[in-house]
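Here the structure comes first, spelled out in structure tokens, and everything after it is commentary.
We did not get these values from a lab; they are worked out from the coordinates using the rules stated. Predicted model only: the values in this text are computed from it and were never measured. Heads up, the Cβs are rebuilt from the backbone with ideal geometry, glycines too, and the neighbour counts pull from every protein chain shown.
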Amino acid sequence: MFKRIMIILVAAMFLAAVDVSAQDVLMNSAETIKKGNFKVAVFPTVLLGKNGSDSKFGVAGRAGFGITSRFDIEAKAAFFKDLNYFGVDVEYWFVRGRSFNVSVALGGHMTNVPGAGDSSGIDTTLLCSTSPSNNLELYGGLRLAFNSLKNSDYNFTLVHIVPGLEYRISAALDFLAEFGFALNDNSRNYASVGLAFYFSR
């Protein structure tokens, strides 16, 4: 258990225009947040250019709480110029091994894109991770987001396969990095790197 509450201010206003294919990031292993602990995380993120378009820079963040030893809930957000993304998901850690873990997450989100149409949707993730050393976890996720534009019949799906790593700097601080490989035309490759802070009540 940690000694004192850490207060993290997540600020975000970033450059570049973003289209409706923007999404949040995974940035966690298959282990859930410890019961009774809080998590606050911030991740500078780039959506890589596609079909001649420029790359888009922004920030993603997560804030969560460990409800049980295998179940947590996290609020998530991503901010780019002319786009706001907000969501929430729950994660269940259903395979818990010494060096191999599997979890599944299910959530919902909404995206505001002035002038281009708002959207909302459901997202789900299958996440596996392994620990080659005490401080290092390697993870891989399959991420699907099912979206629909507001006041429209248009629906689209984002699909990513996401390898990443989580390195424990201290009991209260992790460094994370991941790359999202787009698996369909609606999705964009992305890269994200950042820090996750953990503290107890």
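Springs between alpha-carbon atoms under 10 Å, Gaussian network over the chain: tell me which of Lys50, Lys81, Lys35 tops the mean-square fluctuations.
Lys50
What is the spin-label model distance, in nm, from Phe146 to Val193 if the labels are put 7 Å beyond Cα along the C-beta direction?
3.6 nm
Full extension from Asp82 to Asn51: what is 0.36 nm times the residue separation minus their Cα-Cα distance, to one decimal in nm?
9.1 nm
What chymotrypsin sites (Phe, Trp or Tyr not before Pro) does region 95-178 have in DSSP loop regions with at most 13 other beta carbons within 10 Å?
Tyr154
Taking the simple approach of a point 7 Å from Cα along Cα-to-Cβ for both Leu138 and Ser69, what is their distance in nm?
Computed distance between label sites Leu138 and Ser69 equals 2.8 nm.
Once you put a point 7 Å from the Cα of Asp185 and another 7 Å from the Cα of Ile169, both along the Cβ direction, what distance in nm separates them?
That separation, rounded to one decimal, is 4.2 nm.
Kindly provide log₁₀ I(q)/I(0) values, in the same order as q = 0.10, 0.12, 0.19 Å⁻¹, from the Debye equation applied to equal alpha-carbon scatterers of the chain.
-0.40, -0.57, -1.42
Which pairs in the list Lys35/Lys150; Lys35/Lys76; Lys34/Lys81; Lys39/Lys81; Lys35/Lys56 are over 31 Å apart, alpha-carbon to alpha-carbon?
Where the Cα-Cα span goes over 31 Å, the pairs concerned are Lys35/Lys150; Lys34/Lys81; Lys35/Lys56.
So what's the projected area for region 146-201, the Cα convex hull averaged over all directions, in nm²?
6.1 nm²
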